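K.L.:
Below is a structure I'd like to ask you about.
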Amino acid sequence: MSLIICGSKKYNNRNFDELVDSFEVIVRSNMLLPDMGYGKRDSTIQVCNNHVYDHYQRKAGVNELYREYKEKTDKNHVKRFHDFFTKSQSKFVHYEHNNSRLMSYIIHFCGIEHNLNPSRGLLKCGLSYVAQCIFGGVKPFMVGFSLQEDDLMKHSYNHHTNLYGGHDHQGEIGLIIKLHQKGLVDASFCLIEDKEEISFSNEFEPTPQALEILKC
């Protein structure tokens with residue numbers, strides 16, 4: 001099974017539609033939708049935080065969603081998301097505490113020198129599914145996860161003015177790098193820079209498997 005987990009980093013000069021749609025299983029988070037640069041097919045799995053999942057379960061209306069998220073995104077996107085969760089066949093899931101405890105177990109079990117800081121809050125949703133994959137023996141590909149803290153402000157739908165609290169942003173970046181280096185995930189696609197010609201940043205080495213998929 002080929003599986004890719006999509007982050008939400010905004011690119012101006014590239015999109016990953018063809019890449020993402022080539023995978024059997026597509027995982028997106030929260031309000032990242034098809035045709036936003038990370039594939040045109042519906043998500044196989046849509047991973048939600050507790051707030052978004054609650055809205056999904058209650059089938060909240062557009063106006064309620066807009067009141068909740070108007071500081072983060074525009075009404076057109078809220079309408080698109082409402083249409084998506086009322087009509088899509090995607091599987092919506094939420095993991096308690098965003099799988100922060102499971103990831104802590106994985107870090108300890110795999111001997112990774114990394115300390116998740118519980119005082120800074122929970123894992124973000126994308127990493128919650130990374131933990132789910134590793135625990136289930138699946139090595140996921142990752143794309144669109146920021147590897148520099150400044151890039152976290154460049155978001156596909158969230159109009160950041162300040163990075164939201166409740167997450168250890170820098171710690172999560174370090175964790176992605178260590179999981180890749182340990183061979184538990186393939187985050188090579190996260191190295192792709194926002195340029196027309198394909199190039200990679202230098203946080204770590206892309207894998208031969210990812211380069212073959214990209215035909216580099």
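K.L.:
Please tell me if Y95 is of a type in the set (S, T, Y), over 20 Å from I173 (Cα atoms) and surrounded by 21 or more Cβ atoms within 10 Å (Cβ to Cβ).
P.N.:
Yes.
Per-residue answers, yes or no, for (1) closer than 17 Å to C190 by Cβ; (2) modelled with pLDDT under 95; (3) touching a strand residue (DSSP E or B) at 6+ places or on another chain (Cβ under 6 Å):
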| position | (1), (2), (3) |
| --- | --- |
| G111 | no, yes, no |
| N115 | no, yes, no |
| K124 | yes, yes, no |
| I134 | yes, no, no |
| K139 | yes, no, no |
| L147 | yes, yes, no |
| S156 | yes, yes, no |
| N162 | no, yes, no |
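K.L.:
Related question: How about the range 89-120: which of its residues are in contact with a helix residue (DSSP H, G or I) (Cβ under 6 Å, 6 or more places away or on another chain), in a helix (DSSP H, G or I), of a type in the set (A, V, I, L, M, F, W, C) and in contact (Cβ under 8 Å) with a residue 40 or more places away in the chain?
P.N.:
M103, I106
K.L.:
Out of all the residues in the range 29-47, which are farther than 12 Å from E18 by Cα and either of a type in the set (S, T, N, Q) or touching a strand residue (DSSP E or B) at 6+ places or on another chain (Cβ under 7 Å) (or both)?
P.N.:
S29, N30, L32, S43, T44, I45, Q46, V47
K.L.:
So, in the range 103-120, how many residues would count as being open to solvent by 10 Å² or more (accessible area, probe 1.4 Å), over 24 Å from L152 (Cα atoms) and either of a type in the set (S, T, Y) or under 19 Å from the mean Cα position of the chain (by Cα) (or both)?
P.N.:
The number of residues fulfilling the criteria is 1.
K.L.:
Quick check on the range 181-199: of everything there that is open to solvent by less than 10 Å² (accessible area, probe 1.4 Å) and in a loop (DSSP other than H, G, I, E, B), which residue is farthest from I107 (Cα to Cα)?
P.N.:
A187
K.L.:
Here is a follow-up. Return the total of residues in the range 200-213 being open to solvent by 20 Å² or more (accessible area, probe 1.4 Å) and within 20 Å of D150 (Cβ to Cβ).
P.N.:
Of the residues in the range 200-213, 4 are open to solvent by 20 Å² or more (accessible area, probe 1.4 Å) and within 20 Å of D150 (Cβ to Cβ).
K.L.:
Looking at the range 79-91, is at least one residue under 23 Å from E172 (Cα atoms) and open to solvent by 20 Å² or more (accessible area, probe 1.4 Å)?
P.N.:
Checking the range 79-91: not a single residue is under 23 Å from E172 (Cα atoms) and open to solvent by 20 Å² or more (accessible area, probe 1.4 Å).
K.L.:
Okay, moving on. Check T86, T73 and return the single one that is assigned to a loop (DSSP other than H, G, I, E, B), modelled with pLDDT under 95 and β-branched (V, I, T).
P.N.:
T73
K.L.:
Just wondering, is there one or more residues in the range 24-39 that are aromatic (F, W, Y), closer than 14 Å to F84 by Cβ and open to solvent by less than 60 Å² (accessible area, probe 1.4 Å)?
P.N.:
Scanning the range 24-39 turns up at least one residue that is aromatic (F, W, Y), closer than 14 Å to F84 by Cβ and open to solvent by less than 60 Å² (accessible area, probe 1.4 Å).
K.L.:
Then there is this: Does the range 121-180 hold any residues that are of a type in the set (S, T, N, Q) and either crowded, with 19+ Cβ neighbours inside 10 Å or not in a helix (DSSP H, G or I) (or both), and which are they?
P.N.:
Scanning the range 121-180 gives S128, Q132, S146, Q148, S156, N158, T161, N162.
The values are calculated or read from the model by the stated rules, or taken from the named source; none is laboratory data. No experiment lies behind these values; they were computed from the predicted model shown. Cβ atoms come from the backbone with ideal geometry, glycine included; neighbour counts cover every protein chain shown. Heads up: the accessible areas ignore ligands, DNA and RNA and are worked out on the full protein's heavy atoms, side chains in. Shrake-Rupley method; radii C 1.70, N 1.55, O 1.52, S 1.80 Å.
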